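Below is one structure, written out as structure tokens; the observations come after it.
Any read-out appearing in this document is the output of simple, stated calculations on the displayed coordinates, not a laboratory observation. The structure displayed is predicted, hence computed values, not measured ones. Ideal geometry is used to build each Cβ from the backbone, glycine not excepted, and the neighbour counts take in all protein chains shown.
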Amino acid sequence: MALNLRQRVVDRLQSLPNTQQTARELAQWVFEQFPAECAVKKAASASYIQTDSDLVQQLVAEISGSRPRWQQMHPQLKTTEGRPRHYYWSEMDANAEVAAAEGVALATPDLPEPSPLREHALYPLLAEYLLTDDQRVYAMRINEKRSSNRAGSGGNEWLHPDLVGLENLTADWTLDLRDCVRVLGERRARLWSFEVKLLLNRSNARKSFFQAVSNSSWAHFGYLVAGTVEGDGTLKELRMLASAHGIGVMQLDVENPAESQILIPARERGEIDWDMCNRLTEENIDFAEFIGRIRRFHQTGEVSAKEWEASE
């Protein structure tokens, strides 16, 4: 019997609704569950499929290459962006997926039952990723609940980023060079700003992006960060918006923050918008503390990792 790969993949994903699988995981499952059909495929393609590993790799390639056509046939077949792409089956539309994002669950050693993953739980994970060798950015949480709200109801809407960060450009410099640059008054740090979402898809991508534009464009780098980016159409839309406005997009790997990815690099802003920083400082005590930490860094040239912490 010939292998109907599309049907096997659809059946597998339908049996695990809202559970994400990579193309390789799907291919390995097909290989293990349907040995007779796979053997027929292997025999028919002996010229280039000679081993079981070759066969699994071919299934991976066919799943990946057939994805756009399969998604036209099955709108419920959805994929995430980033590496590796994940496939899942969902009967919900884009709006319902965003509304249900708060129901994502993570199991922890201390909690036998999965606990709901909230947006605030992503903040320390993002801070962990930002301290990797690729970024080396010290992050701090900005809690909008600690604002004065003196502007009245709605006056501070889209004002506060979720996290802010300082990138120490002098970390690998010699002490003499640091002192020289400090005396000359040259730039020694870059400031980052982050708007965080659990899920980005077609229904909320533009709104979330312009929220990041509003609260992050004061910094050298502004980023929209998501635990999941669903659909290549979503990423295409975000690329067009990023080209016009310079805000980048990160995908945060919740299970392994070090494997998070910058999907769209932010465009560096040449100068800080200090007027906006002043507004944030006047409104929010956390942002005032952020400015204080920047000042202490420029005075001492030192960054205290203990001081820069992002918690829920």
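Between the Cα long axis of helix 5-15 and the first principal axis of the chain there is an angle of about 60°, rounded to the nearest 10.
Charging the Cβ of each Asp and Glu at -1 and of each Lys and Arg at +1, and nothing else, the dipole of the range 201-275 about its Cα centre rounds to 340 debye.
PRE reach from ASP52 (point 7 Å along Cα→Cβ): which of the range 28-44 fall under 17 Å by backbone N? Counting backbone N atoms under 17 Å from the label point, the list is 28-43.
Once backbone amide H atoms are built at 1.01 Å from N, VAL249 has LEU224, LEU263, ILE264, ALA266 as its partners under 5 Å, excluding neighbours fewer than 5 places away on the same chain.
If R0 is taken as 22 Å, the Cβ-Cβ distance between GLN7 and ARG85 corresponds to a FRET efficiency of 0.65. Could you work out how far helix 35-44 tilts from the main Cα principal axis of the chain, as a 0 to 90 degree angle to the nearest 10? In the chain, helix 35-44 runs at an angle near 80 degrees to the longest axis. Taking θ as phi - 60° and the Karplus parameters 6.51, -1.76 and 1.60, the scalar couplings of the range 199-204 work out to 9, 10, 9, 4, 7, 10 Hz in sequence order, x denoting glycine and proline. Select from ARG267, ARG24, ARG295 the residue whose mean-square fluctuation is largest in a Gaussian network model of the chain (Cα-Cα springs shorter than 10 Å). It is ARG295.
Ranking GLN251, ALA266, MET276 by Cα position along the charge dipole of the range 236-312, where only Lys, Arg, Asp and Glu carry charges on their C-beta atoms, puts ALA266 farthest toward the positive end.
Exposure proxy for SER260, SER216, SER64: other Cβ atoms within 10 Å of each Cβ, ordered fewest to most, give SER64, SER260, SER216. Between 0 and 90 degrees, rounded to the nearest ten: what's the tilt of helix 52-73 against the longest Cα principal axis of the chain? In the chain, helix 52-73 runs at an angle near 80 degrees to the longest axis. For the range 2-73, the alpha carbon positions stretch 36, 22, 19 Å along the principal axes, listed from largest to smallest. A simple rule links phi to the HN-Hα coupling: the Karplus curve 6.51 cos²θ - 1.76 cosθ + 1.60 with θ = phi - 60°, which for the range 266-280 gives 6, 8, 5, 8, x, 10, 6, 7, 5, 4, 5, 4, 5, 4, 5 Hz, with x for Gly and Pro.
Ranking of TRP89, TRP173, TRP192 by neighbouring Cβ atoms within 10 Å, starting from the fewest: TRP173, TRP89, TRP192.
Comparing ALA44, ALA244, ALA205 in a Gaussian network model of the chain, where Cα atoms under 10 Å apart are tied by springs, the biggest mean-square fluctuation is seen for ALA44. Semi-axis lengths, largest first, of the ellipsoid equivalent to the range 119-300 are 27, 21, 15 Å, with √(5λ) applied to each eigenvalue of the Cα gyration tensor.
Relative contact order, whole percent, for the chain stands at 17, derived from Cα pairs under 8 Å and 6 or more residues apart. Scaled against the 2.2 N^0.38 Å expected of a compact globular protein of N residues, the Cα radius of gyration of the chain reads 1.20. Put simply, the amide H of ASP162, placed in the peptide plane, has neighbours under 5 Å in PHE194, GLU195, VAL196, leaving out anything fewer than 5 places away on its chain.
Considering only ARG239, ARG136, ARG296, the Gaussian network model of the chain with Cα springs below 10 Å gives its largest mean-square fluctuation to ARG296. Here LYS207 is the anchor, and the lysines within straight C-alpha reach of less than 16 Å, apart from those fewer than 8 places off in the same chain, are LYS197, LYS236.
Assuming charge only on the beta carbon of Lys and Arg (+1) and of Asp and Glu (-1), the dipole of the chain about its Cα centre is about 740 debye to the nearest 20. Annotation: extensible slack from GLU282 through ARG118 equals 56.2 nm (criterion: 0.36 nm per residue apart, minus Cα-Cα distance).
Bridges between two residues of the chain, per DSSP, are antiparallel at a rate of about 65%.
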